[in-house]
Structure formats: structure tokens, C-alpha cells
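One structure below.
The values are calculated or read from the model by the stated rules, or taken from the named source; none is laboratory data. Here the structure is a predicted model, which is why all the values come from computation and not from measurement. When we count neighbours, we look across all protein chains shown, and the Cβ atoms used for this are built from the backbone with ideal geometry, even at glycine. Areas reflect the complete protein model, heavy atoms only, side chains present, ligands, DNA and RNA absent. Shrake-Rupley method; radii C 1.70, N 1.55, O 1.52, S 1.80 Å.
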Amino acid sequence: VKRDPESVVRRYNLNQWVAAENIWIPYGCWDACRDDSLDLDTAQPLYVGIDIARNIDSTAVAMVQRRILEDGRVRYPCRSVIWENPYREDDPRYADWRMNNNLVVELCRELFEKYSVAACTIDDEIMPGPCFAYDPWRFRPEAEKLTGEGLAMLEYGQTDTRMVPASQALYEAIVNREIAHNGDAAQKRHIQNVTPDQRERGWRISKPKGSGKKIDFAVALAIAVWCSQQEPPASS
């Protein structure tokens with residue numbers, strides 16, 4: 001249970017019926033991770049996860065750092081920017097609203113200017129600034145443009161091979177109270193909307209088929225946390 005959601009363990013390991021398949025983290029775990037005292041540090045590597053909804057009606061950018069405290073504990077301070085359809089579903093404008101990806105491009109540029117410490121290596125080259133991990137499904141042209149500007153854009157397709165380990169990394173970080181968030185309400189809503197989806201390679205964060213609930217922040221955060229756990233580039 002320290003590695004997998006309880007509902008997954010009960011269904012697939014113990015062959016037990018569970019009343020609520022969508023409970024993926026123990027009650028109160030996310031709230032317990034709130035820590036307003038631990039913020040992002042411009043002198044530390046920054047890892048950025050970008051998730052754009054397939055119907056382009058929401059987007060989340062999660063920013064994470066992996067910090068080792070004086071007592072040896074690992075913490076992941078995180079912040080985010082989340083865009084969602086501003087209209088109610090009964091508003092005629094709701095169906096026509098689409099995310100402007102240029103807003104994500106500008107945010108990436110701002111983070112690149114603010115955080116100069118190298119966070120990743122791409123093709124054996126140490127890249128300056130943050131590691132920007134993105135799903136190419138809705139962001140490839142913009143990512144190619146930013147790559148040309150010198151940003152470290154890491155393609156992170158949302159296959160099971162990628163998302164199963166990322167989902168597990170996020171789960172463990174939340175359950176062990178290693179995530180340090182600032183109590184943002186949209187973040188909590190996206191985290192609460194997650195359901196564990198068992199696949200051949202393991203479980204991954206997902207949502208019920210056909211659901212309009214948003215989980216973009218959870219996906220972006222999982223990607224950012226996983227990237228932060230990889231071997232950092234050697235200092236020169």
C-alpha cells in the first residue's frame with residue numbers, strides 16, 4: 001500500500017471487492033502535504049511538467065524541485081499554473097473555448113529566464129535551465145519553437161511505459177508526505193479527480209472514461225516529480 005493505491009492492492013492482489021474504485025490516495029494525505037514555508041528556489045534545478053487536455057479545454061504546468069533537507073528527508077516543493085474553461089457548461093461559449101498554447105510558451109520562457117541551473121541532459125548535452133517535460137500530442141510545434149530558443153524540451157509521451165512509473169512516483173511522494181504544496185484549491189480538485197487505472201505494466205493515474213473532470217495538474221505533477229528523481233547533470 002506504500003507503493004500502490006489501496007483499491008488497486010485489494011482488487012488485483014487480494015481479489016477483494018471495493019466499494020470505491022476511485023480512491024487512489026488515503027483520505028487527508030494531500031492536505032497533510034501542505035507546507036507554505038518551502039517554496040521554489042532559483043538556485044536549485046527546476047523540473048516542469050506540461051499537460052494539455054486532448055480537447056484543449058484545460059492545461060496545467062507543474063513546477064517541482066527535489067530538495068534534501070538538513071535532516072535527510074526528501075521534499076518536493078511544487079507550484080503550478082492551471083488554465084480551465086472559464087464558462088459554465090450551460091453557457092453557449094463553453095463549447096467554443098480553447099486553450100491558447102502561447103500562454104504556456106510565454107510561461108516556459110519566463111521560467112527559463114528565472115531558473116538558470118541545469119536540470120537535465122538531452123542527447124548527452126547538459127542543457128541550461130529547467131527541464132520541460134511535455135506530451136507532444138498537443139504541444140509539439142510550440143516545443144520545437146522553444147527548443148530552437150535553447151530550452152531543454154523533453155518529449156514525454158503519455159504511454160503506459162512512461163506514466164506507470166510516473167504515477168507510482170507521485171503516489172509515493174504524496175503518501176510519504178514529501179510533496180510540499182501551498183494549498184491551491186485547483187490543485188486539490190485535480191488530485192481528487194484521479195482514479196487508478198490498472199494496466200498490463202501496472203497502474204497509472206487516470207479518470208473515468210467520458211468524465212469531464214480535470215486531472216491535468218496531477219498528470220503534470222507526476223511527470224515533473226519523476227523527472228526530478230532522475231540522475232542530475234554533472235556539474236562543470
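Between I122 and R73, 0.36 nm times their residue separation minus their Cα-Cα distance comes to what?
14.8 nm
Going by Cβ distance under 4.7 Å, what cysteines of the chain have no possible disulfide partner?
C29, C33, C78, C108, C227
Please state the equivalent ellipsoid semi-axes for the range 162-236: what are the square roots of 5 times the Cα gyration tensor eigenvalues, largest first, in whole Å? Show your work: numbers first, answer last.
Working: eigenvalues 105, 55, 22 Å².
One finds semi-axes of 23, 17, 11 Å for the range 162-236.
Excluding A143 itself, calculate the net charge of residues whose Cβ lies under 12 Å from the Cβ of A143, where each Lys or Arg counts +1 and each Asp or Glu counts -1.
-2
Taking the alpha-carbon distance from K207 and a cut-off under 17 Å, which aspartates and glutamates remain once sequence neighbours fewer than 8 residues away in the same chain are dropped?
Hits, sequence-local ones excluded: D4, E6, E21, D51, D57, E84, D160, D197, D216.
Quick check on the chain: of the DSSP beta bridges with both residues there, what percent are antiparallel, nearest 5%?
70 percent
At T147 and R189, where each label point lies 7 Å from the Cα along Cα→Cβ, what is the point-to-point distance in nanometres?
Taking the simple label geometry, T147 and R189 are separated by 3.4 nm.
Run through the DSSP bridge list for the range 123-236 and note the antiparallel percent, rounded to the nearest 5. Numbers along the way, then the final one.
Working: 5 of 9 bridges.
For the range 123-236, the DSSP antiparallel bridge percentage is about 55.
Along the range 45-50, what does the Karplus equation 6.51 cos²θ - 1.76 cosθ + 1.60 (θ = phi - 60°) give for ³J(HN,Hα), rounded to whole Hz, x for Gly and Pro?
Karplus-based 3J(HN,Hα) across the range 45-50 equals x, 10, 10, 10, x, 10 Hz.
Give me the one-decimal nm value for the distance between modelled label points at D36 and A234, 7 Å along each residue's Cα-to-Cβ direction.
A separation of 4.4 nm, rounded to one decimal place.
Under the √(5λ) rule applied to the eigenvalues of the Cα gyration tensor, what semi-axes describe the equivalent ellipsoid of the range 83-217? Give them in Å, descending.
Taking √(5λ) for each Cα gyration eigenvalue gives 26, 22, 16 Å.
Two decimals is fine: what's Rg over Rh for the range 43-91, C-alpha atoms, Kirkwood radius as Rh?
1.21
Using the Cα centre of the chain as the reference point, and only Cβ charges (+1 on K/R, -1 on D/E), how large is the resulting charge dipole? Debye, rounded to the nearest 20.
Rounded to the nearest 20 debye, it is 760 debye.
Once every DSSP H run of n ≥ 4 in the chain is given -39500 (n - 2.57) and the sum is divided by its residues, what mean residue ellipticity at 222 nm do you get, rounded to the nearest 500 deg cm²/dmol? Write down the numbers at each step before the final one.
Numbers: 6 runs with 68 residues, N = 236.
Here the helix-only value at 222 nm equals -9000 deg cm²/dmol.
Add +1 for every Lys or Arg and -1 for every Asp or Glu among the other residues with Cβ under 14 Å from the Cβ of R109, and state the total.
That works out to -3.
Solvent-accessible area of K213, probe 1.4 Å, all protein chains present, reported in Å² to the nearest ten, please.
Taking all protein chains as shown, K213 has close to 120 Å².
Cut-off 10 angstrom, C-alpha nodes, Gaussian network model of the chain. Which of E200, E110, E178 fluctuates the most?
Maximum fluctuation in the GNM of the chain, among the listed residues, is at E200.
Based on the Kirkwood radius over alpha-carbon pairs, what is the Stokes-Einstein translational diffusion coefficient of the range 17-145 at 10 °C with 1.306 mPa s viscosity, in µm²/s?
My calculation gives 92 µm²/s for D.
What is the Cα radius of gyration of the chain over 2.2 N^0.38 Å, N being its residue count?
In units of the 2.2 N^0.38 Å rule of thumb, it is 1.01.
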